[in-house]
Amino acid sequence: AEKNGNKPTELQAALFLSARALLIVRGIEPRTPYDTFSHFQSMFIDKGIASPRYADLKEVYRELTSPLSSEDRKRRKDFVQSFYEHIQELYNKMDASFQFPHTSEGEKEKKRSHIYDLTGTPCPINYVKAKMYLEELDPETKVTFLVDEGEPIQNVPPSLENDGHTILNITKTSSHYKVNVLKSKN
């Protein structure tokens, strides 16, 4: 990417290929960037192996081709560079049986909050996935669900509330909504 002037498509390719590199050692070979980022989230970030700083891979990937100020573009380039270096570091720490150590940062963050990307997932499957995800967590865990506009944002939050969970807030980004949920006590 640097050799080609950090073009947005080059930076996107760097994100995609970096995330995919670690998935391959797990026997997962996703073909699309969005599948790659979803698998990376569940296999490395959610398990406390990779830093939770990189939970927004899909969002960064999308934003790279959007009109951005030069300051935002530099921030995104720095994010891609940092992610690439993080992947190299994880790869170098991998043992002979393809196992990775858990990061203390990842473990702490894993206990505090979770992000689950449901963008591109149609109704009612997105609600079913959100419900199943919450079932695996401890009571009073905070989760941020990323959902699309339209039916997803209209249906997922009320359905989760009907299940007894608390919707803390809903924030609109340029491409989706962030629904912050507190899992019920029971």
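The values are calculated or read from the model by the stated rules, or taken from the named source; none is laboratory data. Keep in mind that what you see is a predicted model, and the values were worked out from it rather than measured. Please note: Cβ atoms are built from the backbone with ideal geometry, for glycine as well, and neighbour counts cover all protein chains shown. Ligands, DNA and RNA are stripped out before the accessible areas are found, and what is left, the full protein with its side chains, is counted by its heavy atoms. Shrake-Rupley method; radii C 1.70, N 1.55, O 1.52, S 1.80 Å.
So here's what we get for this one:
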read-out	value
Per-residue [θ]222 nm for the chain (sum of -39500 (n - 2.57) over DSSP H runs n ≥ 4, rounded to 500)	-15000 deg cm²/dmol
Heavy atoms of T32: accessible area, 1.4 Å probe, square angstrom to 10	60 Å²
Computed FRET value (nearest 0.05) for T9 with I125, which takes r as the C-beta separation and R₀ as 45 Å	0.90
Separation in nanometres of the label points that stand 7 Å from Cα toward Cβ, at K142 and S42	2.5 nm
The stretch 48-88 - Debye-derived log10 I(q)/I(0), Cα point model, q = 0.26 Å⁻¹	-0.93
Counted charge near C123, where neighbours are those whose Cβ lies closer than 14 Å (Asp, Glu -1; Lys, Arg +1)	-1
Two-decimal Rg to Rh for the stretch 1-156 - Kirkwood Rh, Cα set	0.97
Approximate spin-label separation E149-S69, in nm, with each point projected 7 Å along Cα-to-Cβ	2.3 nm
Normalised convex hull volume, the stretch 1-43, alpha-carbon set, Å³ per residue	64 Å³
Antiparallel DSSP beta bridges within the chain, percent to nearest 5	70 percent
Span-like helix ranges in the chain, DSSP H, alpha carbon extent 18 angstrom or more, Kyte mean at least 0.0	8-24
The stretch 2-52 versus the stretch 74-95: alpha-carbon centroid distance in Å	10 Å
